[in-house]
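Written below as structure tokens is the structure these notes are about.
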Amino acid sequence: MRLLLRPLRYSLLDAHVRFRAGNRFVSSFLMPKRKTEDLDAFSNAQRPSQIRKMTTQPATTTIELDSKETQLKDLLLDTAVFINQTGNLKEPVILRWAGGWVRDKLLGVKSHDIDTAINVMTGEAFALKICELCEQPQTIKKHGITDTDIGNLHKIAKNPDKSKHLETTTIKLFGYDVDFVNLRKETYTEDSRNPQVEFGTAEEDALRRDATVNALFYNLNTGKVEDFTTGLTDMQSKLIKTPLEPFQTFMDDPLRVLRLVRFASRLEFTIDPTAEQVMSDRRVLEALHLKISRERVGIEVEKMLKGNHPRRSLEYIDSLGLYHAIFTDPTNSKSPSPDISHWAVVYECLDYLRKNKTPGSIYDVLVRTDEAAYYAWVLAAVCPWELVIPPPHTGKGKAPPPFATLAAREGIKATNKLCDLVTTSHNNRDDISSLKLAVLQEAPYINERDRFGMAIRRWDSRAGHWRLQVLSALLVEAMETFNTASAETGEFTAFLHGWQLFLDHLQDLDIMEAPSLKRLIDGTQLAKVLGIKPGKWMAQALDVCVAWQLRHPEATDPAGAIEEVKSRRTELGIPTN
């Protein structure tokens, strides 16, 4: 364990095309069908002078396509021939599969998302030509197209706030989600990460990308992989590197800092040391704060923490000095900064629990779904804020949210549901820790089933996920107890053993599902038995009934609970008849 060594959718449906092979019919929705001459004019919307020729010959290699990929490739190439036969283009259409699909194919990873880059026309114009070609019976027969092989056509509008600098068109083809977009060149200004976009060459398109391993093309016309940067070499070296000089790359679009962290974590590659130095540069961090919306920051963080290597992502954020640029409240310049010197204990601890999951273990009991796993990593990310003492609330009204909640809400734009979990984890931490300590000290009341069951119901009542609240308390205590240099095997094992004993005790009491316990009597029935109307007293009275039920798990008749409510009538503020 490393700790012991160093203890939206943003798509806009502008167009919809449905293909049916049986009767060769294409229908349009929200998009009038274009005449051939109109479409050809549209495909040349950019001035011819903007379509440049490549200046560099790429390094190449080959890859072997499977049958479905070959079927898709053949259809796209036939579409290119179909377009070229019109004679309206000054250059023939050249198609390239770009970016992630090429990278994953070389790594032997199956991918169902394919980006198709086109040299002389827009993605929408090319996609519409596919639909036109597929109206022809000979095309259907040649490519073996069935009713389900051609899906809907969607135009994804340009949306710079969500990293869509150019509109793209998507079609489901032979089981693949295929995006179509023209090759492009991007030019940035100092105060914005939204570039000016124009038609470009394959080399220019490669150079604008965030990493060399994402800048590879598969040329459908030649059947070869094209590398205009150092992507093939970097793939072999397992290196994440920017195509251009890192400082300018990150200043143009600071979001690339987070994207490189995500890809390095996901692929288990190493970030180029030169890029690492620049990623933590003060000017780059300021640009990250100025240019990038917190929604985009949140999307990248979510992808990191939902990936296969979330610990590695947080370790990069830690080691590169990115924490205060991500998990912070940018709306409050006076907000304190948490001490993250022991934060590594948290993500190393959570990763250790995850990797050592066995039936009944801490992680197995507390993290039971994919959503819970993601929430667990967010709770780990904001743990340092739990040790920042908030100023006393002296004003009127409701106290402000905990610092950890603000870091999640404002820093990564976490959902309300997740922010509520962060808040309740903060509010219930002392209660959780005190009950855990009582179990370890064998306090006289540790077998009181109602005491522990009602506590669990209370923790769960606001935001649910009481198990994750317990996990959060464990992680915060780990951060308070250990540091990155002094955690010893025996001490840490004993620490985790204490939390395991606590969970085992809850299991022995059979109260893990206390929040979903079905009441023997509801409010309407209780009011009727007492002969009075419901009032403010009801909530406490029902809690008395549930506590009685927890003490008498075999009971099926609520009579005993009703008698206890009657005996405590004055205490509960229940009016007389």
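The values are calculated or read from the model by the stated rules, or taken from the named source; none is laboratory data. Note that the coordinates shown come from a computational prediction; the quantities given were computed from them, not determined experimentally. All Cβ positions, even for glycine, are placed from backbone atoms using ideal geometry, and neighbour counts span all protein chains on display. Accessible surface areas use protein heavy atoms only, side chains included; no ligands, DNA or RNA. Shrake-Rupley method; radii C 1.70, N 1.55, O 1.52, S 1.80 Å.
Considering each residue of the range 201-238, count those that are assigned to a loop (DSSP other than H, G, I, E, B) and surrounded by 24 or more Cβ atoms within 10 Å (Cβ to Cβ), and give that number. Before the answer, list the steps.
Step one: list which residues in the range 201-238 are assigned to a loop (DSSP other than H, G, I, E, B), which gives 201, 208-211, 215, 220-223, 228-230, 238.
Of the ones still in play, those that are also surrounded by 24 or more Cβ atoms within 10 Å (Cβ to Cβ) are 211, 215, 228-229.
Residues meeting the conditions: 4.
Could you say whether any residue in the range 238-254 is modelled with pLDDT under 95, within 25 Å of N182 (Cβ to Cβ) and in contact with a Phe, Trp or Tyr (Cβ under 8 Å, 6 or more places away or on another chain)?
yes
Give the range 451-468 a look and list any residue that's within 14 Å of D430 (Cβ to Cβ) and either open to solvent by less than 20 Å² (accessible area, probe 1.4 Å) or of a type in the set (V, I, T) (or both), or say none. Can you show your working first?
First, the residues of the range 451-468 that are within 14 Å of D430 (Cβ to Cβ): 455, 458-459.
Correct list: A455, W459.
For residues in the range 268-284 being hydrophobic (A, V, I, L, M, F, W, C) and not in a helix (DSSP H, G or I), which is farthest from V257 (Cα to Cα)? Give the derivation first.
Quick first cut of the range 268-284, residues hydrophobic (A, V, I, L, M, F, W, C) only: 269, 271, 275, 278-279, 284.
Filter once more, keeping what is not in a helix (DSSP H, G or I): 269, 271.
Numbers: F269: 15, I271: 11 Å.
Per the criteria, the residue is F269.
Of all residues in the range 296-320, how many are open to solvent by 40 Å² or more (accessible area, probe 1.4 Å) and assigned to a loop (DSSP other than H, G, I, E, B)? Let's see the steps before the verdict.
Kept after step one, since they are open to solvent by 40 Å² or more (accessible area, probe 1.4 Å), are these residues of the range 296-320: 302-303, 306, 308-309, 312, 319.
From the residues that got through so far, the ones that are assigned to a loop (DSSP other than H, G, I, E, B) too are 306, 308-309.
Total satisfying the criteria: 3.
Which numbered condition in (1) open to solvent by 30 Å² or more (accessible area, probe 1.4 Å); (2) under 21 Å from L435 (Cα atoms); (3) under 35 Å from the mean Cα position of the chain (by Cα); (4) not basic (K, R) is the only one that T489 fails?
Checking T489 against (1) open to solvent by 30 Å² or more (accessible area, probe 1.4 Å); (2) under 21 Å from L435 (Cα atoms); (3) under 35 Å from the mean Cα position of the chain (by Cα); (4) not basic (K, R), the one that fails is (2).
Just one of (1) touching a His at 6+ places or on another chain (Cβ under 6 Å); (2) buried (at least 24 other Cβ atoms within 10 Å of the Cβ) trips up L471, so point out which.
(1)
Check whether at least one residue in the range 433-445 is in contact with a Ser or Thr (Cβ under 9 Å, 6 or more places away or on another chain) and either within 20 Å of V346 (Cβ to Cβ) or part of a helix (DSSP H, G or I) (or both), and report yes or no. Before the answer, list the steps.
Here is the first cut: in the range 433-445, the ones in contact with a Ser or Thr (Cβ under 9 Å, 6 or more places away or on another chain) are none.
Within the range 433-445, not a single residue is in contact with a Ser or Thr (Cβ under 9 Å, 6 or more places away or on another chain) and either within 20 Å of V346 (Cβ to Cβ) or part of a helix (DSSP H, G or I) (or both).
For the range 76-155, please list each of the helices (runs of 4 or more DSSP H) lying entirely inside it that holds at least 2 residues being open to solvent by less than 20 Å² (accessible area, probe 1.4 Å) and hydrophobic (A, V, I, L, M, F, W, C).
Numbers: elements: 100-107, 123-133, 137-143.
Those helices (runs of 4 or more DSSP H) span 100-107, 123-133.
Out of the helices (runs of 4 or more DSSP H) lying entirely within the range 489-577, which hold 1 or more residues that are β-branched (V, I, T) and within 28 Å of I362 (Cα to Cα)?
Values: elements: 489-509, 523-530, 538-551, 559-567, 569-572.
Those helices (runs of 4 or more DSSP H) span 489-509, 538-551.
Could you grab me the full set of residues in the range 539-560 that are in contact with a Leu (Cβ under 8 Å, 6 or more places away or on another chain) and either closer than 28 Å to K436 by Cα or surrounded by fewer than 17 Cβ atoms within 10 Å (Cβ to Cβ) (or both)?
To start, the set of residues in the range 539-560 that are in contact with a Leu (Cβ under 8 Å, 6 or more places away or on another chain) comprises 540-542, 544-546, 549-550, 555-558.
Selection gives Q540, A541, L542, V544, C545, V546, Q549, L550, A555, T556, D557.
Any chance the range 303-320 includes a residue that's polar (S, T, N, Q) and over 24 Å from L239 (Cα atoms)?
No, the range 303-320 has no match at all.
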